[in-house]
Amino acid sequence: MITRRTLVASAALAATVKPALLGGTPVRTKRWPTWPVTNQVEEQEILGALRSGRWGRGTGKLVERFEEAYATLTGTKHCLAVANGTSALITSLNALGIGAGDEVIVPPYTFIATINSVLLQHALPVFVDTDRETFQIDASKVEAAITPETRALLPVHMGGASFDVGKMLEISRRRNIPLIEDAAQAHLGEWRNRKVGSYGLAGCFSFQASKNLNSGEGGAIISSDEAFIEKCFTFHNNGRSRKVMTASFTYQSTGANLRLTEFQAAILTAQMTRLEEQSRRREMNAAYLTSQLSGIAGMTPQKLYPGCTRNAWHLYMFRYQPEAFAGLTRERFIAAMRAEGIPVSSGYSPLNREPFLENVLNSRGFRRIYGEKRLAQWREKNQTPQNDQLCQEALWLTQTMLLDTREGMDQIVEAVRKVQKAAGPLTQAA
Ligand SMILES: Cc1ncc(COP(=O)(O)O)c(C=O)c1O
């Protein structure tokens, strides 16, 4: 029998679960932590750079000071600061002499800069499918993609977690193909208790504004190979080696001006004072979030390889299964979460299917270099079904959200549960 009391109770339940997207009260209205975090440390450093009157690395000492500190932090012998992460990749590929006709192994699940750095050399990016569980390149499929033209392996530590460094290094050594780690998102990330970026011939970092260590724009290459880093230096300095930096107009190679400024180095030095503490907070919150989300049907947090002893948590990535949400589409789930005050996003699209790639392959230069037959083979091999699926189901939270309190993590979980309960009405109202 339906009593007045049961009617009141069910009305109350409906009110609490009424999703914000359908006019209910949002789980969170408070702002998420803002980024970047700064205080008087940055102010003093910047003022110091400003007043020194030495604003470029030719005369200043701040870029060098940062390079030494970052090499120490990452446990490598050498660090070269550059203008941004894209320049770090381009410089590394140039130092390896990679160019027209060469192939570079890349993941399709990454930021476009990884791919562009290869295309800008007029080299061919060869896409290897993703391990959907970890969001990383599937190392077990790399070997099959290697050809006599493969000149580098360029995997990415996606989101700040490590790709399978053990397997990639083994392939790199056995096949004698240099490993360049795209660690743009992985500051302080570790594989077997050693910093990522320090395993390959080079590790490339980005200090762009969204990154866990940032100076608005900026980047670095770390390496323990002195000859390699000197080639990088020369390239990033318009082809002028360290020795002739200010002394004479002589040139050792081609190059570009990809130097970091003293202002950026000043900010990076200040930002580094908080990096460890912020990373710990992210780790703590991410671990809690995973423990909670794992218990909700339809939510699958990113798995880590056992060798990943520290995730830099640039992104908190997980997968969404609509079947557990009454068929609610991912796009509608995202809209519902956003209305609840949780800015979740869908992440990358499959880069190997980007229409612009075809424009590049059909360009005069590429057709001349590769010819129709080789390009047809490339198209045929360019199959990444796991990645295609991942791009349909991925969800991301940003590193800044992980800097919030435990309450913030609880609100994320509460919002997911709320949307799940209201999935039926949310689907119908779509
Ligand atoms: C994986 C990856 N590689 C390369 C880059 C390029 O770095 P930047 O934006 O500093 O050029 C980024 C930056 O977002 C990145 O996430």
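What single numbered condition from (1) more than 16 Å from the ligand (Cβ to nearest atom); (2) in contact with a helix residue (DSSP H, G or I) (Cβ under 8 Å, 6 or more places away or on another chain) fails to hold for Phe249?
Going through the list (1) more than 16 Å from the ligand (Cβ to nearest atom); (2) in contact with a helix residue (DSSP H, G or I) (Cβ under 8 Å, 6 or more places away or on another chain), Phe249 breaks only (2).
Could you please let me know if Ile229 is hydrophobic (A, V, I, L, M, F, W, C), within 21 Å of the chain's Cα centre (by Cα) and away from the ligand (no atom under 14 Å from the Cβ)? If you could, list the steps in order and put the result at the bottom.
Numbers: hydrophobic (A, V, I, L, M, F, W, C): yes; within 21 Å of the chain's Cα centre (by Cα): no; away from the ligand (no atom under 14 Å from the Cβ): yes.
Spelling it out, it is not the case that Ile229 is hydrophobic (A, V, I, L, M, F, W, C), within 21 Å of the chain's Cα centre (by Cα) and away from the ligand (no atom under 14 Å from the Cβ).
Just checking, does segment 399-418 include any residue being at pLDDT 95 or above and within 23 Å of Ile137 (Cβ to Cβ)? I'd like the intermediate steps shown before the answer.
Initially, segment 399-418 is screened for residues at pLDDT 95 or above, giving 399-418.
Add one more test, that the residue is within 23 Å of Ile137 (Cβ to Cβ), and what stays is 399.
Scanning segment 399-418, I find at least one residue that is at pLDDT 95 or above and within 23 Å of Ile137 (Cβ to Cβ), so the answer is yes.
Which is of a type outside the set (D, E, K, R), at pLDDT 95 or above and within 15 Å of Asn84 (Cβ to Cβ), of Ala220, Ala186? Show your work before the answer.
On the way: Ala186 fails: within 15 Å of Asn84 (Cβ to Cβ).
The match here is Ala220.
Looking at segment 66-164, what strands (runs of 3 or more DSSP E) fall wholly within it and have at least 3 residues that are within 16 Å of the ligand (Cβ to nearest atom) and touching a residue at least 12 places away in the same chain (Cβ under 8 Å)?
Of the strands (runs of 3 or more DSSP E) lying wholly inside segment 66-164, those with at least 3 residues that are within 16 Å of the ligand (Cβ to nearest atom) and touching a residue at least 12 places away in the same chain (Cβ under 8 Å) span 78-82, 103-106.
Being farther than 17 Å from Ser92 by Cα and near the ligand (Cβ under 9 Å from one of its atoms) is the filter; apply it to segment 186-208 and report the residue that is farthest from the chain's Cα centre (by Cα). Give the derivation first.
Restricting attention to segment 186-208, the residues satisfying the condition of being farther than 17 Å from Ser92 by Cα are 186-195, 208.
From the residues that got through so far, the ones that are near the ligand (Cβ under 9 Å from one of its atoms) too are 186, 208.
On the way: Ala186: 7, Gln208: 11 Å.
Looking at residues that are farther than 17 Å from Ser92 by Cα and near the ligand (Cβ under 9 Å from one of its atoms), I get Gln208.
Of the residues Asn257, Asn311, only one is buried (at least 19 other Cβ atoms within 10 Å of the Cβ) and in contact with a helix residue (DSSP H, G or I) (Cβ under 9 Å, 6 or more places away or on another chain); which? Walk me through it before giving the result.
Details: Asn257 fails: buried (at least 19 other Cβ atoms within 10 Å of the Cβ).
That would be Asn311, the only listed residue that is buried (at least 19 other Cβ atoms within 10 Å of the Cβ) and in contact with a helix residue (DSSP H, G or I) (Cβ under 9 Å, 6 or more places away or on another chain).
The values are calculated or read from the model by the stated rules, or taken from the named source; none is laboratory data. Nothing here was measured: the structure is a model prediction, and the numbers come from that model. Backbone-built Cβ (ideal geometry, glycine too); neighbour counts: all protein chains shown.
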